[in-house]
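Below: the structure, in structure tokens.
The values are calculated or read from the model by the stated rules, or taken from the named source; none is laboratory data. Since this is a predicted model, take the numbers as computed values, not measurements. As a convention, Cβ positions derive from the backbone with ideal geometry for all residues, glycine included, and neighbour counts pool all protein chains shown.
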Number of protein chains: 2
Amino acid sequence: MTDNTKIAEGYASAWMARDLDAAMAYVAEDVVLDAPAGRFEGAAAYRAFLERFLDLMTAAEITAVYGGEDGAAVHYVTRTRPVPVSLGSDRLVIRDGLIREVVTVFDRLPFRDAKDAAATNAAARD
Amino acid sequence: MTDNTKIAEGYASAWMARDLDAAMAYVAEDVVLDAPAGRFEGAAAYRAFLERFLDLMTAAEITAVYGGEDGAAVHYVTRTRPVPVSLGSDRLVIRDGLIREVVTVFDRLPFRDAKDAAATNAAARD
């Protein structure tokens, strides 16, 4: 296991355990996140992004962590209130032991479909 | 660079270059693909999946490859006719030099939005 693999695993395990203080200890102050919804700059914006996701998440599990010289990739499965099972992957760019960039890939379509279905149900109840 | 990293990079470079014969040489006959749209079993189904994607794709680039003992992860950017820029990640489970499982993560929402917009435009032209 490379150092970058260890950092990625420690980081992902921490947010999955809802321990954002522990997760953010792996993250640089000037971190940049590229997520499907857009770009988030700085540790405060990044932490707020994670908090919003944890509000939805009911469980998560790492499926694979692979590391290289400049970073690591984490693949995972999450369970959320709107979408029962969702796969994701984070690419983490790591320098001097800190996560500098995060590129998050996941499929937003089931979340959109769940939102549309909830709106339809709400309209039907009116 | 580990052997698995080399396999992942060779495989991804091949499909990005539209050389499906070269890409499929890395893939086991009984490969299983878990994609956002569902599960595809066997090399023939997998190749057909890649062919359909290449019909849409205009360009692609590897952004990172990380390897480990049981496989590798590839992160990439694709350009397609419906969606200008799209990020994806493949987790590749590799045994005895062949790709046995592929877990593909990408965001289908921009593709749905492009399809809806095209339908709206077509309706407006009628």
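To keep it simple, each residue is scored yes or no on (1) more than 7 Å from chain A (Cβ to nearest Cβ); (2) crowded, with 19+ Cβ neighbours inside 10 Å.
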{"position": "B:55", "(1), (2)": "yes, no"}
{"position": "B:61", "(1), (2)": "yes, no"}
{"position": "B:66", "(1), (2)": "no, yes"}
{"position": "B:69", "(1), (2)": "yes, no"}
{"position": "B:74", "(1), (2)": "yes, yes"}
{"position": "B:77", "(1), (2)": "yes, no"}
{"position": "B:87", "(1), (2)": "no, yes"}
{"position": "B:94", "(1), (2)": "yes, yes"}
{"position": "B:102", "(1), (2)": "yes, yes"}
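Among the residues of region B:14-39 satisfying the criterion of being within 30 Å of residue A:110 (Cα to Cα) and part of a loop (DSSP other than H, G, I, E, B), which is modelled with the highest pLDDT?
For region B:14-39, the residue satisfying everything is B:18.
Please count how many residues of region B:4-49 are within 14 Å of chain A (Cβ to nearest Cβ), surrounded by fewer than 16 Cβ atoms within 10 Å (Cβ to Cβ) and farther than 16 Å from residue B:94 by Cα.
Residues that pass the stated criteria total 3.
So, in region A:111-126, how many residues would count as being surrounded by 11 or more Cβ atoms within 10 Å (Cβ to Cβ) and more than 16 Å from the chain's Cα centre (by Cα)?
So the count comes out to 6.
Inspect all residues belonging to region A:4-11 and state whether any of them is in contact (Cβ under 8 Å) with a residue 60 or more places away in the chain and among the hydroxyl-bearing types (Ser, Thr, Tyr).
yes
Go through (1) touching a helix residue (DSSP H, G or I) at 6+ places or on another chain (Cβ under 7 Å); (2) of a type in the set (Ser, Thr, Tyr); (3) within 26 Å of residue B:94 (Cβ to Cβ) for residue A:104 and report which single condition fails.
Answer for residue A:104: the failing condition is (1).
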